[in-house]
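All remarks here apply to the structure that follows.
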Amino acid sequence: MKNTNTCPKCHSNEIVRIPSFVGASGNNIKAGITVFSSVTVTRYLCTSCGYTEEWIDDPADVETLKKYYSWKNN
Ligand SMILES: [Zn+2]
(Lines give C-alpha, C1' and ligand atoms only; values in the text may rest on other atoms or scores of the structure.)
Protein backbone atom coordinates (compact mmCIF):
# COMPACT_ATOMS: atom_id res chain seq x y z
CA MET A 1 0.00 0.00 0.00
CA LYS A 2 2.85 2.32 0.92
CA ASN A 3 4.81 1.31 -2.18
CA THR A 4 2.08 0.43 -4.67
CA ASN A 5 -0.49 3.05 -3.63
CA THR A 6 -3.11 0.35 -4.12
CA CYS A 7 -5.26 -1.30 -1.44
CA PRO A 8 -4.49 -5.06 -1.19
CA LYS A 9 -8.07 -5.74 -0.08
CA CYS A 10 -10.27 -3.86 -2.54
CA HIS A 11 -7.66 -2.72 -5.14
CA SER A 12 -8.70 0.91 -4.81
CA ASN A 13 -5.96 3.50 -5.28
CA GLU A 14 -7.54 6.03 -2.94
CA ILE A 15 -4.88 5.82 -0.25
CA VAL A 16 -4.16 8.57 2.27
CA ARG A 17 -1.02 8.81 4.39
CA ILE A 18 -1.60 9.65 8.05
CA PRO A 19 1.63 10.85 9.68
CA SER A 20 2.29 10.51 13.37
CA PHE A 21 4.28 12.45 15.95
CA VAL A 22 5.90 11.63 19.28
CA GLY A 23 3.50 12.55 22.02
CA ALA A 24 0.66 11.32 24.18
CA SER A 25 -1.90 11.06 21.39
CA GLY A 26 0.49 10.11 18.58
CA ASN A 27 0.68 6.67 17.05
CA ASN A 28 4.05 5.43 18.22
CA ILE A 29 6.02 2.50 19.61
CA LYS A 30 7.97 2.74 22.84
CA ALA A 31 11.73 2.35 22.34
CA GLY A 32 13.14 3.62 25.62
CA ILE A 33 12.31 5.01 29.03
CA THR A 34 10.41 8.15 28.05
CA VAL A 35 7.81 8.89 25.39
CA PHE A 36 10.42 11.00 23.59
CA SER A 37 12.43 7.90 22.74
CA SER A 38 9.44 6.44 20.96
CA VAL A 39 9.36 5.79 17.25
CA THR A 40 6.53 7.20 15.18
CA VAL A 41 4.31 4.98 13.06
CA THR A 42 2.75 6.20 9.83
CA ARG A 43 -0.65 4.82 8.83
CA TYR A 44 -1.86 4.31 5.29
CA LEU A 45 -5.62 4.25 5.00
CA CYS A 46 -7.74 3.05 2.11
CA THR A 47 -10.59 5.53 1.95
CA SER A 48 -12.61 3.10 -0.14
CA CYS A 49 -12.86 0.16 2.29
CA GLY A 50 -11.22 1.42 5.49
CA TYR A 51 -8.27 -0.97 5.52
CA THR A 52 -5.17 0.45 7.23
CA GLU A 53 -1.51 -0.46 7.13
CA GLU A 54 1.16 0.76 9.53
CA TRP A 55 4.76 1.52 8.57
CA ILE A 56 7.88 2.82 10.26
CA ASP A 57 8.94 5.25 7.55
CA ASP A 58 12.46 6.05 8.74
CA PRO A 59 15.04 3.20 8.42
CA ALA A 60 16.91 4.70 11.42
CA ASP A 61 13.76 4.19 13.52
CA VAL A 62 13.52 0.58 12.38
CA GLU A 63 17.12 0.12 13.57
CA THR A 64 16.24 1.72 16.92
CA LEU A 65 13.35 -0.70 17.45
CA LYS A 66 15.47 -3.65 16.36
CA LYS A 67 18.13 -2.81 18.92
CA TYR A 68 15.67 -2.07 21.72
CA TYR A 69 13.53 -5.18 21.30
CA SER A 70 16.41 -7.55 20.51
CA TRP A 71 18.01 -6.52 23.77
CA LYS A 72 14.75 -6.96 25.73
CA ASN A 73 14.06 -10.41 24.30
CA ASN A 74 17.50 -11.85 25.15
ZN1 LIG B 1 -9.50 -0.89 0.25
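Observations on the model:
- Test: residue in the stretch 59-71 that is at pLDDT below 85 and assigned to a helix (DSSP H, G or I): yes
- Figure legend. Inter-residue proximity from the stretch 42-53: first residues among the aliphatic types (A, V, I, L, M), second residues near the ligand (Cβ under 10 Å from one of its atoms), beta-carbon distance below 6 Å, spacing 6+ or different chains. Indicated pairs: Leu45/Thr52.
- Scanning the stretch 4-19 for residues that are out of contact with any Lys or Arg (no Cβ under 9 Å at 6 or more places or on another chain) and basic (Lys, Arg) yields a single hit, Lys9.
The values are calculated or read from the model by the stated rules, or taken from the named source; none is laboratory data. Everything numeric here is computed off the predicted structure, so don't read it as measured data. Positions of Cβ are backbone-derived with ideal geometry, glycine not excepted, and every protein chain shown enters the neighbour counts.
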